[in-house]
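Taking it in order: structure first as structure tokens, then the write-up.
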Amino acid sequence: MRTDGNALNTLKGYGFKGDIVEFQGQGFIEGNLISTEDFMAMIMYAAVIGRRRQAIALLAAAFYETLERRADHAFGIIRDEDEYIQKFEFRHASILLNKDLRSAIGEWIDENQDSLLVYTKEYSIKGGQRGIYASALGKIYQLIFGMYKKSINEVLDVKYYETPKNNVHVTQLQRIAQIEDLASKYIRRKGMNPIEAINAAADALMIETEEPRLGDRITRQDVYRVLGAKKQLGCAKQKKK
């Protein structure tokens, strides 16, 4: 990156300062240390200007963890740091693999324009290209949980419009990511249609149907419990006065 180039000037607009420190690792390994601010500026630049999917996925996963940590602190929930790390890794991977699957489906749609009508009729898909994407994720949910989005959210006791991937247990998120990864490969390498590829991926991974399990996150019951406790505490203080 040239010191007088437009890229560097744009990067500075995202807060990049260039605070780089040489670092001598073990043996012959050498590297550079950069500040958190510079690292954030580089990721923002890659996501916003370069539209790099890795950077976008990293930002999304990090933002989700930030909100979760704030909510945990507000409601007095204590977690092991390893749990946060595991969740972050799976969320980051899931975002990337979902983008891969959508990209593979998009390529398949472009290459099979003449047979799209037959495909959508065969699998009763409505909504055009958007419906094809939605039906693929819906199929994954059906194979893992034996039900679709609305029913999953009822079991998890979350709002009907929320994405189950954001609420299920981290181990179940991992299974979703595994199917997405393998299905995208089947679409690209074997020319399978999305539903065929997802079915084949689930078979290869020997996925068995299981009950949706809520991840370790705040539910409406938690909110009501905390608000109720605060109300009781407020009443108790008033009585003492």
Q: Might you let me know whether region 32-39 holds any residue that is modelled with pLDDT under 70 and open to solvent by 60 Å² or more (accessible area, probe 1.4 Å)?
A: yes
Within region 127-141, residues being of a type outside the set (A, V, I, L, M) and under 19 Å from the mean Cα position of the chain (by Cα) number 6
Of the residues in region 123-174, those that are touching a Leu at 6+ places or on another chain (Cβ under 9 Å) and hydroxyl-bearing (S, T, Y) come to Y133, T163
All-but-one check, Q174 against (1) open to solvent by 40 Å² or more (accessible area, probe 1.4 Å); (2) more than 30 Å from E111 (Cα to Cα); (3) modelled with pLDDT under 95, failing number (2)
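For region 2-31, enumerate the residues that are charged (D, E, K, R) and modelled with pLDDT under 75.
So in region 2-31, the residues charged (D, E, K, R) come out as 2, 4, 12, 17, 19, 22, 30.
Result: R2, D4, K12, D19, E22, E30.
Can you tell me which residue is modelled with the highest pLDDT among those in region 85-134 that are basic (K, R) and open to solvent by 60 Å² or more (accessible area, probe 1.4 Å)?
At the first step, the residues of region 85-134 found to be basic (K, R) are 87, 91, 99, 102, 121, 126, 130.
The next check asks that each one be open to solvent by 60 Å² or more (accessible area, probe 1.4 Å); those that pass are 99, 102, 121, 126, 130.
Working: K99: 75, R102: 87, K121: 94, K126: 91, R130: 88.
It comes out as K121.
Can L137 be described as surrounded by 20 or more Cβ atoms within 10 Å (Cβ to Cβ), assigned to a helix (DSSP H, G or I) and without any contact (Cβ under 8 Å) to a residue 40 or more places away in the chain? Full working, then the answer.
Numbers: surrounded by 20 or more Cβ atoms within 10 Å (Cβ to Cβ): yes; assigned to a helix (DSSP H, G or I): yes; without any contact (Cβ under 8 Å) to a residue 40 or more places away in the chain: yes.
Against the criterion (surrounded by 20 or more Cβ atoms within 10 Å (Cβ to Cβ), assigned to a helix (DSSP H, G or I) and without any contact (Cβ under 8 Å) to a residue 40 or more places away in the chain), L137 qualifies.
Do we have any residue at all in region 150-168 that's open to solvent by 40 Å² or more (accessible area, probe 1.4 Å), at pLDDT 90 or above and charged (D, E, K, R)? Please lay out each step first, then the result.
First pass over region 150-168, keeping only residues open to solvent by 40 Å² or more (accessible area, probe 1.4 Å): 150-151, 154-155, 157, 159-163, 166.
Now restrict to residues that are at pLDDT 90 or above: 150-151, 154-155.
From what's left, charged (D, E, K, R): 150, 154.
Scanning region 150-168, I find at least one residue that is open to solvent by 40 Å² or more (accessible area, probe 1.4 Å), at pLDDT 90 or above and charged (D, E, K, R), so the answer is yes.
The values are calculated or read from the model by the stated rules, or taken from the named source; none is laboratory data. All values reported here derive from a predicted model rather than from experimental measurement. Positions of Cβ are backbone-derived with ideal geometry, glycine not excepted, and every protein chain shown enters the neighbour counts. Just so you know, the surface numbers come from the protein's heavy atoms only, side chains and all, with ligands and any DNA or RNA stripped out. Shrake-Rupley method; radii C 1.70, N 1.55, O 1.52, S 1.80 Å.
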